[in-house]
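What follows is a set of notes on a single structure, which appears directly below.
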């Protein structure tokens, strides 16, 4: 069972190490997370969470309100959205269902708020495994878009789709 907890400054070394892993660099090649700053900055529009299995960190995820996020990465977006970034730290932990558990918990967190109508994600177009993963979870493609130098597929999970899929399982 995967559990989520807030990411803290003590997680910095493991996060920096994960940033050196080929599969992490391939999925996020143009970003420097600047962990020293990010792990001590706690705005009300963001949650940074570590995923653990039996007390050991295996992944990271971030949930943001894209309307309030300070860089306006998602552009001029209205209210009622959340955006998620997620990764598994070590490649040996990919394909074991951990990412599915992480995303399921993250989507549940997002949709706990009745005002949230959609969750958006932006895997690189070249990251076919991630796109397959999100599609299996029920995300739908919206558009192809450049975010800086990154060519991404914007995908969405609508509230109704998530709640319906949860009632079918």
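The values are calculated or read from the model by the stated rules, or taken from the named source; none is laboratory data. Only a predicted model underlies this, so the values are computations on that prediction, with no experimental measurement involved. Here the Cβ is made from the backbone with ideal geometry for all residues, glycine too, and neighbour counts use every protein chain on show.
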Margin query: Suppose we filter region 107-123 for residues that are surrounded by 14 or more Cβ atoms within 10 Å (Cβ to Cβ) and more than 13 Å from the chain's Cα centre (by Cα); how many remain?
Written below: 4
Margin query: Return the pair list, or none, for Cβ contacts closer than 7 Å from residues in region 52-76 that are in contact (Cβ under 8 Å) with a residue 12 or more places away in the chain to residues that are assigned to a loop (DSSP other than H, G, I, E, B) and surrounded by fewer than 10 Cβ atoms within 10 Å (Cβ to Cβ), at least 6 apart or on different chains.
Written below: 67/78
Check: Could you give every pair whose Cβ atoms fall below 9 Å, whose first residue belongs to region 2-20 and is free of Cβ contacts under 8 Å to residues at least 24 places away in the same chain, and whose second residue is part of a helix (DSSP H, G or I), counting only separations of at least 6 or pairs across chains?
Finding: 13/35; 16/35; 19/25; 19/35
Checklist line | Pick from region 78-106, criterion in a loop (DSSP other than H, G, I, E, B) and free of Cβ contacts under 8 Å to residues at least 24 places away in the same chain, ranking: surrounded by the most Cβ atoms within 10 Å (Cβ to Cβ) | finding: 96
Notebook entry, point to check: When you go through (1) at pLDDT 95 or above; (2) loosely packed, with under 15 Cβ neighbours inside 10 Å; (3) at negative phi one by one for residue 67, which number turns out not to apply?
Noted result: (2)
